[in-house]
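K.L.:
Supplied in structure tokens, the structure appears directly below.
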Amino acid sequence: MTFKHLSEYFQQLEKTTLRNKMVEILASLFKEANPAEIGKLCYLLQGRVAALYTAVEFGVADKMMIRAISQGLEIDQKDVVTEFKKEGDLGTTAEKLRVRNKRKGTRNTITISEVFTDLYKVASSTGDGSQEQKVTILAGLIRSVDPLSVRYVVRITLGKLRLGFSDMTMLDGFSWMEKGDKSGKETIEKAYNVRPDLAYIGETIKKYGIKGLHGVPKPGIPILMARANRLSSAEDILLKIGRCAVEYKYDGLRLQVHKDGKMLKMFSRNLEDVTSSFPDIAKAVRVQVHVDSIIFEGEVVAYNPKNGVFVPFQETMQRKRKYDIEKKALEIPVKLFVFELLFCNGKSFLGSPYFERKKKLKEVIQKGNTIVYAQEHIVSKEAQIDEIFDDSVEKNFEGIIAKKLEGLYEAGVRGWNWIKYKKAMNKKLTDTVDVLVMGYTKGEGKRTSFGVGQFLGGLYDEKRDMFVTVSKIGTGLTDEQFRDFFTRVKKLHAKEKPPLYDVDKLLEPDVWLEPSLVVEIACDEITRSAVHTAGRVMKPSKSGKAFAVDIPGYALRFPRLVRFRDDRRPQDATTVKEVMKMYGAQGKK
Ligand code: ATP
């Protein structure tokens, strides 16, 4: 397939905000692609040249791109800047300049694979002279492809290809390509949860059909992590799952460790490769885990080296860094409490019950100081659960996780095999919610100096694959947090409302933000609201011209910021379904 043809698809995708339409376009695009190019195509649709969990980034900013456009089209950098000021987007800037630039001929036949190879070179060139190399390759591409392709080459490289859909929509696209409907999605999603690499999914389906997807883990490729539902008493837990295992809910950073021979990698909950941040854990794995290949999970928790006391989550997060790693490892030592086995010596444990996974895990982890087996307690009485809960809180942990003895490991699913019961963040609401920061209004008074007054927080609506609003938050931030907040969001400014957002006109912020930053919010209560779109259902008014609220949405009462959740992807924000459950649970008290 030519890159020009793909660019026409990009353009069609950009023009629609309707999810069904996007799925239809994607299915037709996938159908046209051949098995050798579908993988590359999948990455390009995500604006990347590698899977999401591989740290391959372009490292190209506007300035460098301006140089590449100027060099490629042999025009002055000043002219590029003038056009950019008018357009506000370097993609369309380069496209327009390319149209006007009659001197060089274009090759409409340049293929996806050829462009991909060049883009991959741009992303993988590092070190001395890499800037020049990136500019030269990009200039060459800009010179040789047609104007529409120039628009997308530029946007992809700048990380600004925003087609408005997530991986889930692509999975729907595969199902439609194969079955002509969504009936294949469940199987595809299950395989994706175990191997979240769209290129692998696309290639396998092209070659062997949906039945070719087997869902076996592969060391080195992160598995989407299983998650817990919440309940707020020992009584409710026993009613739900009966006799069960209880573990402490350690308050740190979830890690998935992969080892295969010499290969050792560690991933965070949002699939970021954090191997280089934890050399001490890597060393301990080599000493304490004697198997050829393994995938296991645990929670890293930092402690005070002077008294051994476990410290809050924020301090553990300081270890997730790229610089001064050795120094920080001494200042902030950590332990890894391991609680899950997913794969061992070539065998998948995803389909084995909890007690078997734990038994094997205990066998393969040797005793030591850094890696510690997370001890479970089998309980059948409320008093036993309450006792472990109190112990956990005393040790500075967050509460407990109750686990169903027969429960399987459900990759990527928030199920009832794990139930969390956390210590109250405040007296009224016993839990907090993670919201996506969707935009902000400019500050007034003292806050003017920080640039942010209130921000708009959203939940993830899984059914619609969209973000919906649940709160406006302006309190709970210290001056330092306001400053930190502003620095973070500055990089996320969007020109217009991102396509994945559903926001009522009354709540539109001054500045829209790309979906990226997730924060944890505490509040007193969940209430119903006519303006928030979380859970809201609209129906046409009598005249049929407008829409009116049929079922109101949900909102947070007295919301305040607790902390930034850098380990969350936008889709990891609390879901509408969870907030509905929390609302229901409130009524019971
Ligand atoms: P929360 O914000 O309540 O921590 P979460 O959204 O981070 O929840 P959940 O899946 O809902 O994620 O809660 C489980 C989390 O608790 C895991 O991601 C893991 O990081 C942490 N955890 C701590 N101890 C355990 C344990 N023993 N077993 C499983 N998870 C644990």
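The values are calculated or read from the model by the stated rules, or taken from the named source; none is laboratory data. Here the structure is a predicted model, which is why all the values come from computation and not from measurement. Note: ideal-geometry Cβ built from the backbone for every residue, glycine included; neighbour counts use all protein chains shown. Just so you know, the surface numbers come from the protein's heavy atoms only, side chains and all, with ligands and any DNA or RNA stripped out. Shrake-Rupley method; radii C 1.70, N 1.55, O 1.52, S 1.80 Å.
K.L.:
Need at least 2 residues that are assigned by TED's automatic domain parsing to the domain that holds E74 per element, so show me which helices (runs of 4 or more DSSP H) inside region 94-189 make the cut, counting only ones lying wholly within it. Please lay out each step first, then the result.
P.N.:
On the way: elements: 112-124, 130-144, 147-157, 167-179.
So the answer is 112-124, 130-144, 147-157.
K.L.:
Given the conditions (1) within 13 Å of the ligand (Cβ to nearest atom); (2) under 16 Å from I400 (Cα atoms); (3) hydroxyl-bearing (S, T, Y), and given that S268 satisfies all but one, which numbered condition is not satisfied?
P.N.:
Failed condition: (2).
K.L.:
Identify all residues within region 470-507 that are surrounded by 15 or more Cβ atoms within 10 Å (Cβ to Cβ) and part of a loop (DSSP other than H, G, I, E, B); write none if there are none. Please lay out each step first, then the result.
P.N.:
Within region 470-507, the first condition is being surrounded by 15 or more Cβ atoms within 10 Å (Cβ to Cβ), and the residues that meet it are 470-474, 476-477, 481-483, 485-486, 488-489, 492, 494, 497-504, 507.
Scanning region 470-507 gives G474, G476, L477, L492, K497, P498, P499, L500, V503, D504.
K.L.:
Kindly indicate which of G535, G553, G544 is closer than 30 Å to K21 by Cα and either of a type in the set (F, W, Y) or in contact with a helix residue (DSSP H, G or I) (Cβ under 7 Å, 6 or more places away or on another chain) (or both). Talk me through it step by step, then tell me what you get.
P.N.:
Values: G553 fails: either of a type in the set (F, W, Y) or in contact with a helix residue (DSSP H, G or I) (Cβ under 7 Å, 6 or more places away or on another chain) (or both); G544 fails: either of a type in the set (F, W, Y) or in contact with a helix residue (DSSP H, G or I) (Cβ under 7 Å, 6 or more places away or on another chain) (or both).
It is G535.
K.L.:
If I filter region 553-570 down to residues being open to solvent by less than 50 Å² (accessible area, probe 1.4 Å) and not in a strand (DSSP E or B), which single residue comes out as farthest from the ligand (Cβ to nearest atom)?
P.N.:
Of region 553-570, the ones open to solvent by less than 50 Å² (accessible area, probe 1.4 Å) are 553-556, 559, 561-565, 567-568, 570.
Of the ones still in play, those that are also not in a strand (DSSP E or B) are 559, 565, 567-568, 570.
On the way: P559: 16, R565: 8, D567: 8, R568: 7, P570: 13 Å.
Only one residue tops the list, namely P559.
K.L.:
Further question: Do the conditions hold for L26, that is, is it within 17 Å of R155 (Cα to Cα), open to solvent by less than 10 Å² (accessible area, probe 1.4 Å) and out of contact with any Pro (no Cβ under 6 Å at 6 or more places or on another chain)? Step through it out loud before you land on a result.
P.N.:
Working: within 17 Å of R155 (Cα to Cα): no; open to solvent by less than 10 Å² (accessible area, probe 1.4 Å): yes; out of contact with any Pro (no Cβ under 6 Å at 6 or more places or on another chain): yes.
Here the answer is no, as L26 does not meet what is asked.
K.L.:
Taking H214 and the conditions (1) within 16 Å of the ligand (Cβ to nearest atom); (2) modelled with pLDDT under 95; (3) open to solvent by 30 Å² or more (accessible area, probe 1.4 Å), which numbered condition does it fall short on, given that it satisfies the others?
P.N.:
Going through the list (1) within 16 Å of the ligand (Cβ to nearest atom); (2) modelled with pLDDT under 95; (3) open to solvent by 30 Å² or more (accessible area, probe 1.4 Å), H214 breaks only (1).
K.L.:
So in region 368-410, with the set limited to residues that are crowded, with 21+ Cβ neighbours inside 10 Å and farther than 20 Å from K423 by Cα, which one is farthest from the ligand (Cβ to nearest atom)?
P.N.:
I371
K.L.:
Does V334 satisfy the condition of being among the hydrophobic types (A, V, I, L, M, F, W, C), assigned by TED's automatic domain parsing to the domain that holds F397 and either more than 16 Å from the ligand (Cβ to nearest atom) or touching a helix residue (DSSP H, G or I) at 6+ places or on another chain (Cβ under 6 Å) (or both)? Quick ask: steps written out before the conclusion?
P.N.:
Values: among the hydrophobic types (A, V, I, L, M, F, W, C): yes; assigned by TED's automatic domain parsing to the domain that holds F397: yes; either more than 16 Å from the ligand (Cβ to nearest atom) or touching a helix residue (DSSP H, G or I) at 6+ places or on another chain (Cβ under 6 Å) (or both): no.
Here the answer is no, as V334 does not meet what is asked.
K.L.:
Condition test on K249, is it open to solvent by 70 Å² or more (accessible area, probe 1.4 Å) and among the basic types (K, R)? Write out each step before concluding.
P.N.:
Values: open to solvent by 70 Å² or more (accessible area, probe 1.4 Å): no; among the basic types (K, R): yes.
It is false that K249 is open to solvent by 70 Å² or more (accessible area, probe 1.4 Å) and among the basic types (K, R).
K.L.:
Would you check which residues across region 269-315 are in a strand (DSSP E or B), closer than 17 Å to G220 by Cα and of a type in the set (A, V, I, L, M, F, W, C) and list them?
P.N.:
Here is the first cut: in region 269-315, the residues in a strand (DSSP E or B) are 273, 289, 293-303, 310.
If we keep only those that are closer than 17 Å to G220 by Cα too, we end up with 273, 289, 293-298.
Result: V289, I294, I295, F296.
K.L.:
Kindly provide the set of residues from region 538-589 that are free of Cβ contacts under 8 Å to residues at least 12 places away in the same chain and touching an Asp or Glu at 6+ places or on another chain (Cβ under 8 Å), ordered by number.
P.N.:
If the condition is that a residue be free of Cβ contacts under 8 Å to residues at least 12 places away in the same chain and touching an Asp or Glu at 6+ places or on another chain (Cβ under 8 Å), then K539 is the only one that fits.
K.L.:
Additional query: Give all pairs with beta carbons closer than 7 Å in which a residue from region 394-416 that is within 21 Å of L336 (Cβ to Cβ) meets a residue that is among the polar types (S, T, N, Q) and open to solvent by 10 Å² or more (accessible area, probe 1.4 Å); count only pairs at least 6 apart in sequence or on separate chains.
P.N.:
Final answer for the pair search is K403/N417; A411/N193.
K.L.:
Which condition from (1) over 18 Å from K160 (Cα atoms); (2) open to solvent by 10 Å² or more (accessible area, probe 1.4 Å) is the one that A33 breaks?
P.N.:
In the conditions (1) over 18 Å from K160 (Cα atoms); (2) open to solvent by 10 Å² or more (accessible area, probe 1.4 Å), A33 misses (2) alone.
K.L.:
Could you figure out which of (1) open to solvent by less than 50 Å² (accessible area, probe 1.4 Å); (2) at positive phi isn't true of I526?
P.N.:
The failed condition is (2).
K.L.:
Does region 220-244 hold any residues that are surrounded by 20 or more Cβ atoms within 10 Å (Cβ to Cβ) and touching a His at 6+ places or on another chain (Cβ under 8 Å), and which are they?
P.N.:
P222
K.L.:
Report, by residue number, each residue of region 411-431 that is surrounded by fewer than 20 Cβ atoms within 10 Å (Cβ to Cβ) and at pLDDT 80 or above.
P.N.:
G412, V413, R414, G415, W416, K420
K.L.:
In this structure, does I281 turn out to be of a type in the set (A, V, I, L, M), open to solvent by less than 10 Å² (accessible area, probe 1.4 Å) and over 25 Å from S392 (Cα atoms)? Give the steps one after another, and end with the answer.
P.N.:
Details: of a type in the set (A, V, I, L, M): yes; open to solvent by less than 10 Å² (accessible area, probe 1.4 Å): yes; over 25 Å from S392 (Cα atoms): no.
No: the conditions fail for I281.
For (1) touching a helix residue (DSSP H, G or I) at 6+ places or on another chain (Cβ under 7 Å); (2) hydroxyl-bearing (S, T, Y); (3) within 16 Å of the ligand (Cβ to nearest atom); (4) free of Cβ contacts under 8 Å to residues at least 40 places away in the same chain, each residue gets a yes or a no:
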position: Y192; (1), (2), (3), (4): yes, yes, no, no
position: D197; (1), (2), (3), (4): no, no, no, no
position: K218; (1), (2), (3), (4): no, no, no, yes
position: P222; (1), (2), (3), (4): no, no, yes, no
position: I237; (1), (2), (3), (4): yes, no, yes, no
position: E247; (1), (2), (3), (4): no, no, yes, no
position: G261; (1), (2), (3), (4): no, no, no, yes
